[in-house]
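Q: I'd like to ask some things about the structure below.
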Amino acid sequence: MNGTVYIFGPCSAESREQVTETARGLRAVCGGIPFIFRAGAWKPRTNPNTFRGAGEEALGWLKEVQTTGIEVATEVATPEQVVAAMKAGIDYLWIGARTSANPIAVEAVSRQVAEIRNTDPESSNLKAVLIKNPVNADPELWLGNIERLEKTGIPVMAVHRGCNHQPCWKMAHVVRTRRPDIPMLLDPSHMSGDAEQVPALMTKISELDLNGAMVEVHHRPDTALSDARQQITPGQLRDCIETILDFPRDIHETELNWLRAEIDELDDALWNTIAARMEVSERIGAWKKAHSVTPLQPQRFGQILSQRMAWAEQNGLDAALVEQVMKAIHQESLKRQK
Ligand code: PEP
Ligand code: MN
């Protein structure tokens, strides 16, 4: 693959007007930067009562965008959707995180793509299939899905969209290391679930030497029928693009940056855990107050400390470090129970 791949467009295709207006806004801000236009025709949603995309009708709106010289992409989850999208001449298909968690579904999609490609190659325009990471941080399943899709003979790209609105750099690093030949794109929209975090995440493209990005862009995010909080406007995208283009790539530092991303991810988990622990500790404090129990319970703390220090020794951590950290955490807990 040559160059950086940019895929921009709304989460879901909502109406002809929304698709054409967003595509028009994107053309205006992207200038000479080539991009692929995305919009989900069929959205696998968590909640069954939320908007699911306009379905097959949306393929017609994507074809209209294609007539302006822009390649288009949509999400598929079933063989029927593959048939409809490939017959409509969609350029790129992506498999979403929920489908990626199910190897049987990925196999069914892959078989259908292969069948159309082998029996009726002229009928399709397909340039590549993209596979998002599964909703759970499972690098082996993501790698397995890449292999499943390679059986189609169509180029495959990976999309790192994180889990639970957090990046999973460790998982992505495993996939990047094992399959450096597979382009990996960043999806900062689903990775954060928050439009405000998208620009900062985009700098990871250069830091980690990724091959591009899939970003959710909507001409009016406040009216979006799905993923409204994470979609940015074409104007906001323009500012992001300027940041990316200005950002130097120093490939000598790429491996170090991956490792630092893993450290950042672990620190996030560590501090989230500490914050969650303090919250439970405050509830314990309320219980103690209601039952006239003093905050400091030396016997309980003694038990905790010796358990955690024994665990540390079994797991190659210095017991003195664990003692120090546990005491600091306990001190803060007591402060909150006063
Ligand atoms: C999407 O790209 O709109 C989407 C549903 O993504 P994911 O599968 O990553 O949630
Ligand atoms: Mn979305």
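The values are calculated or read from the model by the stated rules, or taken from the named source; none is laboratory data. Owing to the predicted nature of the structure, the values given are computational and were not obtained by experimental measurement. FYI the Cβ positions are ideal-geometry reconstructions off the backbone, even for glycines, and counts take in every protein chain you see. Note: areas computed on protein heavy atoms with side chains; ligands, DNA, RNA excluded. Shrake-Rupley method; radii C 1.70, N 1.55, O 1.52, S 1.80 Å.
Q: Enter the accessible area per residue of region 25-176 (Å², integer; probe 1.4 Å; all protein chains in place).
A: Per-residue accessible area for region 25-176 comes out at 41 Å².
Q: Given 0.36 nm per residue, what is the gain on full extension from Q331 to R277 after removing their alpha carbon distance, in nm?
A: The span from Q331 to R277 would gain 18.2 nm if fully extended.
Q: Can you tell me what percent of all Cα-Cα pairs in the chain are more than 30 Å apart?
A: In whole percent, the long-distance tail amounts to 44.
Q: A further question follows. Before I look further, what does region 234-334 give for accessible area per residue, probe 1.4 Å, in whole square angstrom? Could the numbers behind the result be given before it?
A: Working: 7190 Å² over 101 residues.
Value returned for region 234-334: 71 Å² of accessible area per residue.
Q: Dividing the convex hull volume of the Cα atoms of region 221-327 by its residue count, what figure in Å³ per residue is obtained?
A: Enclosed volume per residue, from the Cα hull, is 210 Å³.
Q: Amide H neighbours of I7 under 5 Å, at least 5 residues apart or on other chains, H built in the peptide plane: list them.
A: I36, A213, M214, V215
Q: Taking a threshold of 24 Å on the Cα-Cα distance, which of the pairs K151/K204; K289/K327; K87/K204; K43/K204 fall above it?
A: Over 24 Å Cα-Cα: K151/K204; K87/K204; K43/K204.
Q: Follow-up question, since we're still on this one. Explain nothing, just compute: Karplus ³J(HN,Hα) = 6.51 cos²θ - 1.76 cosθ + 1.60, θ = phi - 60°, for every residue of region 289-300 in order, whole Hz, x for Gly and Pro.
A: 4, 4, 10, 6, 10, 6, x, 7, 10, x, 5, 4
Q: Quick one: with all protein chains in place, what share of the accessible area of region 1-139 is carbon or sulfur, to the nearest percent (1.4 Å probe)?
A: 48
Q: Could I ask something else about it? Calculate the FRET efficiency for I33 and L270 from the Cβ-Cβ distance with a Förster distance of 30 Å, rounded to the nearest 0.05.
A: Values: r = 38 Å, r/R0 = 1.28.
Efficiency, rounded to the nearest 0.05: 0.20.
Q: Could I ask something else about it? Heavy atoms only, probe 1.4 Å: what % of the accessible area of region 221-278 goes to carbon and sulfur, would you let me know? List each step's numbers first, then the result.
A: Values: 2140 of 3770 Å².
Using a 1.4 Å probe with all protein chains present, region 221-278 comes out at 57 percent carbon and sulfur.
Q: Next question. Assign one of three labels to region 1-129, namely rounded, prolate or oblate, based on the Cα gyration tensor with a ≥ b ≥ c the square roots of its eigenvalues; rounded applies when a/c is under 1.5, prolate when it is not and a/b is larger than b/c, and oblate otherwise.
A: Values: a/c = 1.65, a/b = 1.23, b/c = 1.34.
The shape class here is oblate.
Q: Under a straight-distance cross-link criterion of Cα-Cα below 17 Å, which aspartates and glutamates are reachable from K335, leaving out those fewer than 8 residues away in the same chain?
A: Output for K335: E279, E282.
Q: I would also like to ask the following. Please list 3J(HN,Hα) in residue order for region 46-51, calculated via the Karplus relation 6.51 cos²θ - 1.76 cosθ + 1.60 where θ = phi - 60°; whole Hz, with x for glycine and proline.
A: Karplus-based 3J(HN,Hα) across region 46-51 equals 6, 9, x, 9, 9, 4 Hz.
Q: Quote the relative contact order of the chain in percent (integer), defining contacts as alpha-carbon pairs under 8 Å separated by 6+ residues.
A: 14
Q: A further question follows. So who's got an amide H within less than 5 Å of the one on A41, skipping anything under 5 residues away but keeping other chains? H placed 1.01 Å off N, in plane.
A: A13, E75
Q: Another question, then. Which residues' amide hydrogens lie under 5 Å from the amide hydrogen of V72, considering only partners 5 or more residues apart or on another chain, with H built in the peptide plane?
A: F37, D91, Y92
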